[in-house]
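Asker: Before I ask anything, here is the structure I am working with.
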Amino acid sequence: MTDFLSQYSIQRWLEMCPQGYLEDTVYGHGPDQHEPEELLDNEVLREASIAVTVQLVAGERCALAASSGLVNAAPDYPSKRFLATQTLDEARHVEIFTQRLFDLGVKKDDLESTIQAYTNPNLVKFAEVLLEKVADGDFVAGVVGQNIVLEGMAFTVFELLQATSVEANPKFAHTLAGTIADERRHVGFGENRIGSLIRQHPEKRAEIERMQGEMSYHMLATFADVFGASGESMDEGRKMAEAHGVEPEATWHGADLAHASAEEMEAVLSDTVLKEFKVRLGRIGLEYQSPKVPA
Amino acid sequence: MEPHELDQDDFIAQVQSFEFWFEAVEGYLGDKPYGRDAEVPEPPLDDLERDALVTTLCNYCVGEAAALEASSGLVRLAPNHHAQIFLATQVADEARHLEVFLHRLAELGITDARAEVERRANPGLLAFKERLLRFVDAGDWEAAVFAQNVVLESMEDTVFRFHASVADPKTQQVLEGVVADERRHLGFGENDLGRRLARHPEDRERLAAVRAELDPLVLRSFEEAYEALGLGRDDRPSLGRDYLHSVERLGLTA
Amino acid sequence: MSDAAEALVEAAGDGAAPRRTFELEDTGFLEVPKRWRRFYRHWGGPDDELGPNEVVCPVCKVVIRSHRELRPGDKVYCMPCMSRMVVVARPDGRLEAEVIY
C-alpha cells in the first residue's frame, strides 16, 4: 500500500503540476488566451457559458469541502498527504472556474448571487448526499462518493466540454485539460486505495451502494435540467462556428458533436458516466446500482 | 506597480489565492526535492546526535500532523471563499512538512515512522494537539485559528528558526523551506483574527481565556522541544518572543 | 493602528522635502511571485541597516521595500505574510511598521 501511495506524495504533485503541466499558466490557461469575442458579444452564448461554469464552481466547492473533510478521517499518513494535494487541486478548480465567471463578465459583487441563481438544485442535493458522509467521518463512503462518483462524473463532463471547446474556445479547453489531468490522480487514488478498504469492511457495501444510487439519480436529474435548457445556445454555437467556417469534425463516444441534439448529448453523457461508474465500482468490489430515471 | 498601491480587497484576494501560492512555492521549492538540494551529503552523526535528531523530527511530525488535520478541518469553517482557498494551500503546505520530515527520518534509517513518532511524541505537544482538534471539531473558527495559526505556527517558527541555525546542512535546508511557508500561515491567522477583533472587540475576552488555557501547554511544548535539541536552560532562545508580540498586537494580553 | 501612531502620522504633514526614489533590484527573496520579489528581502537581524525606503514587517520579520522613500503615514503591504501596515516614526526617528487589521 505504501509503495503505491508514494506516487501520490506532495513531492510528486510538485513535480507534476507546478513543474509540469501547469507551468507558465495563469488561472489554468496560457497568459495570452482569452474568451472568444464572439462568445462575449452573444448574450445567449454568454449566459449559457455562465450557467455551465456555475455548475462547475458548485461541483468544485463540494469537492473542496469533501476532500478537506476527509483528511482527518484518513487512516494513514500517505492517504492524508494525498488528500491534502487533492484539497489543493479542488481549491485551484474553484478559483479557475470562478475566474472564468469574471472573464465572462460577472461582476465581483455579483458572484455569489450569480452562483445562487444558476446552481442546479439537483446538483445541490447530489453534494448534500456526499457531504453527509464526510461530516460523519465515514472515510470509505466519503472516498467512494468523492473520488469515484463525483470525480468520475467531473472527469467525463470535463472531457465532453473540452471536446466541444478545442476549436471554438482554446482558452477554456486549455483550462479543462489541466483539470482533467488532476482528476486522473483523484480517480486513480479512489480506486487504488478504496479497493483494499472495501475488502476489509464488506459490511459497508450496501450503504455505499445506496449512496451511489442516490448520487447518480441527482446527477442524471442535473444533466436533464442542463441539457433541457441548452437547445438555443447549442444552435447559436453552431451558427457561430459555421459563420467562421469552423466545421467541428469531432465525435465523442460516438456522438457527432456538430449535429447531435441536446437530447442526444444528454443521453451519451449519462450513458458514458454510468458505464464508467459500473466499471470502476466493479473493480473495487461494489455492485453498481441503477438509479431511478428522473421524471 | 508597487504591491503597496493595491486596494485592500484586491490585496487579500491576491495573497490568499492559489495562483499566488503556486508562484511563490515555485520560487523556493522548485529545485529542491523533499525540501533540499539533492546533492547535499548526509552529515556524519554519532549515535547520540542521530537519536536526538530523530526525537526532534518525530515531534515535528506530531506538530505537522496536528496542523494538517486542523487546517483541513478549518476549510469548511472558513468565512469566505478566499479564506477557504488559502486554507487549502495551507493544507498542502502542512502535508508537505509532514512528508519532508518523514523523508528525513527515513534517510536517518527509521523504517516504521508511525511507531517511532508515537514512541517519541512529547506529552505536552500531544495535549496541545488534542485541544486544537477539539476547537476544530466544535466549529469554533476564532479559537481554532488562534490555536493553529497564531500559537502552533509561532511555536514552530521559533523552534525551526533556532534549529535551522544549528542543524546539519540537510536538515537546515528542509527547515528553511518550512519557515518560508509558516510566514503565510502566521500572517493569515494574525490578520484574520485582527480584523475580526477590530469588528467585534467583545470577542477579545473569550480569546484571552483561550490563550490563558493554551499558554501552559505552549510553554511545556517549548521546554520539551528545547530539551530534545539538547539545549541547556541558559542557551535557550527567548521563549516564544514572537508569540508574545503577536498576542500583544491582538490585544490578548492577560 | 494605535492612537500614538495616528498622532505621529498627522504630525508628519505638508512642507516636507521631496521624496527620494530608488531603483529596486531582486535580492534573491523567492517567497512571492516573480513580479513582486524586488519589493521584499530577507532581514539580517538588528545589525541590518535599513534604507530610507525600507521597514521590517513585525509579523514575519521580512524587509518591506518601496520605490520611494518611506514616510510616516505610508501604507505598505507584506505579501509573504499577508499583513497590511502603516509606517510610523519612533521618537528616535527610526521608521517602523505597525499592523492595521
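Asker: Is there a residue in segment B:32-47 that is closer than 23 Å to B:ASP192 by Cα and either within 13 Å of another protein chain (Cβ to nearest Cβ) or among the hydrophobic types (A, V, I, L, M, F, W, C) (or both)?
Answerer: No, because not a single residue in segment B:32-47 is closer than 23 Å to B:ASP192 by Cα and either within 13 Å of another protein chain (Cβ to nearest Cβ) or among the hydrophobic types (A, V, I, L, M, F, W, C) (or both).
Asker: When you look at B:GLU64, is it more than 7 Å from every other protein chain (Cβ to nearest Cβ), of a type outside the set (Val, Ile, Thr) and within 21 Å of the chain's Cα centre (by Cα), yes or no?
Answerer: In short, yes.
Asker: Being of a type outside the set (Asp, Glu), assigned to a helix (DSSP H, G or I) and over 15 Å from the mean Cα position of the chain (by Cα) narrows it down to one of A:ILE194, A:ILE180, so name that one.
Answerer: Just a single option satisfies the conditions, and that option is A:ILE194.
Asker: To continue, here is another question. Can you tell me which condition A:ILE194 does not meet? The list is (1) surrounded by fewer than 20 Cβ atoms within 10 Å (Cβ to Cβ); (2) at pLDDT 85 or above; (3) farther than 14 Å from A:MET265 by Cα, and all the others hold.
Answerer: (1)
Asker: I'm trying to understand the selection: among the residues of segment C:29-74, which are of a type in the set (D, E, K, R) and either at the interface with chain B (Cβ under 9 Å from one of its Cβ atoms) or outside any loop (DSSP other than H, G, I, E, B) (or both)?
Answerer: Listed by number, the residues that qualify are C:GLU31, C:LYS34, C:ARG35, C:ARG37, C:ARG38, C:ARG41, C:GLU54, C:LYS61, C:ARG65, C:ARG68, C:ASP74.
Asker: Something else about it: Confirm whether B:VAL151 is more than 13 Å from chain C (Cβ to nearest Cβ), of a type outside the set (Gly, Ala, Ser) and closer than 20 Å to B:HIS245 by Cα.
Answerer: Considered against the rule, which asks whether it is more than 13 Å from chain C (Cβ to nearest Cβ), of a type outside the set (Gly, Ala, Ser) and closer than 20 Å to B:HIS245 by Cα, B:VAL151 comes out as yes.
Asker: Can you give me the number of residues within segment A:58-98 that are closer than 28 Å to B:VAL62 by Cα and assigned to a helix (DSSP H, G or I)?
Answerer: Matching residues across segment A:58-98 total 27.
Asker: May I pose another question? Can you tell me which of A:ALA127, A:ALA163, A:ALA154 is modelled with pLDDT of 95 or more and under 21 Å from A:ARG184 (Cα atoms)?
Answerer: Just a single option satisfies the conditions, and that option is A:ALA127.
Asker: Is there a residue in segment A:82-95 that is surrounded by fewer than 20 Cβ atoms within 10 Å (Cβ to Cβ), farther than 19 Å from A:LYS171 by Cα and of a type outside the set (Val, Ile, Thr)?
Answerer: Scanning segment A:82-95 turns up no residue that is surrounded by fewer than 20 Cβ atoms within 10 Å (Cβ to Cβ), farther than 19 Å from A:LYS171 by Cα and of a type outside the set (Val, Ile, Thr).
Asker: Considering each of A:LEU257, A:LEU220 in turn, give the residue that is under 20 Å from the mean Cα position of the chain (by Cα), in contact (Cβ under 8 Å) with a residue 24 or more places away in the chain and farther than 19 Å from A:MET153 by Cβ.
Answerer: On inspection, the qualifying residue turns out to be A:LEU257.
Asker: Where in segment B:141-254 are the helices (runs of 4 or more DSSP H), entirely inside, with at least 1 residues that are over 18 Å from the mean Cα position of the chain (by Cα)?
Answerer: B:153-166, B:169-199, B:203-228, B:241-249
The values are calculated or read from the model by the stated rules, or taken from the named source; none is laboratory data. Keep in mind that what you see is a predicted model, and the values were worked out from it rather than measured. Counting neighbours? That spans all protein chains shown, and the Cβs are built from the backbone with ideal geometry, glycine included.
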